[in-house]
């Protein structure tokens with residue numbers, strides 16, 4: 001009996017369980033910290049606690065300080081585990097269309113894909129199909145990781161102050177200016193299109 005797939009599934013399940021446990025304990029600790037911080041904020045930072053109650057403050061605190069990394073890691077593992085069988089089927093189909101040589105002289109591939117793959121094993125050996133699956137799975141898992149990481153950064157929460165403003169229904173803080181300030185010694189002026197020479201720049205005096 002080939003125990004390789006069972007071992008792989010067991011390892012994925014173990015890593016998933018550890019990630020979920022870490023995320024759950026992390027969020028539990030953050031909620032506990034939020035409950036402890038709320039009286040301090042009301043007493044020492046009333047400008048940040050105004051317009052909020054304990055529940056809204058806790059939600060904003062959890063959004064700002066929650067351990068999103070382990071949670072997204074668990075989601076990525078689940079997505080990879082669920083999609084891997086479908087990916088293998090798709091890769092096997094691509095192998096049969098792009099790489100596998102058609103059976104017989106008719107120029108047509110076998111109707112039964114499993115029989116065609118077995119025929120390729122006998123004809124070319126298992127390495128071609130194994131390498132195709134190996135690199136195809138790595139590329140597919142990399143794509144899944146990229147999508148999850150993209151969403152992780154796209155929906156990254158702001159600082160606690162920003163999340164408290166959102167909880168109060170206030171507008172977000174304006175972004176800090178990123179334009180480089182003009183040096184005092186430079187004749188350039190700052191415009192909406194960047195640093196440019198002024199139109200009324202005096203002519204350079206002619207040397208005697």
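The values are calculated or read from the model by the stated rules, or taken from the named source; none is laboratory data. Not measured: the values here are computed from a predicted model. Methodologically, a virtual Cβ is constructed for each residue, glycine included, from the backbone with ideal geometry; neighbour enumeration extends over all protein chains shown.
Take residue 24 and tell me if it is exposed (fewer than 15 other Cβ atoms within 10 Å of the Cβ), in contact (Cβ under 8 Å) with a residue 12 or more places away in the chain and under 30 Å from residue 138 (Cα atoms). For residue 24, the condition - exposed (fewer than 15 other Cβ atoms within 10 Å of the Cβ), in contact (Cβ under 8 Å) with a residue 12 or more places away in the chain and under 30 Å from residue 138 (Cα atoms) - is not met. Taken as a whole, the condition of being within 24 Å of residue 156 (Cβ to Cβ), at pLDDT below 85 and surrounded by 14 or more Cβ atoms within 10 Å (Cβ to Cβ) does not apply to residue 45.
Taking (1) under 30 Å from residue 60 (Cα atoms); (2) out of contact with any helix residue (DSSP H, G or I) (no Cβ under 9 Å at 6 or more places or on another chain); (3) modelled with pLDDT of 80 or more in turn, residue 134 satisfies each apart from (1). Do the conditions hold for residue 91, that is, is it surrounded by fewer than 18 Cβ atoms within 10 Å (Cβ to Cβ), assigned to a helix (DSSP H, G or I) and out of contact with any strand residue (DSSP E or B) (no Cβ under 8 Å at 6 or more places or on another chain)? So residue 91 does not fit the description; no. Which members of segment 34-54 meet the condition of being part of a helix (DSSP H, G or I) and either out of contact with any helix residue (DSSP H, G or I) (no Cβ under 8 Å at 6 or more places or on another chain) or more than 18 Å from residue 162 (Cα to Cα) (or both)? Listed by number, the residues that qualify are 35, 36, 39, 40, 43, 44, 46, 47.
I'd like the full set of residues that are farther than 30 Å from residue 72 by Cα and without any contact (Cβ under 8 Å) to a residue 24 or more places away in the chain, limited to segment 42-59. Answer for segment 42-59, where residues must be farther than 30 Å from residue 72 by Cα and without any contact (Cβ under 8 Å) to a residue 24 or more places away in the chain: 42, 43, 44, 45, 46, 47.
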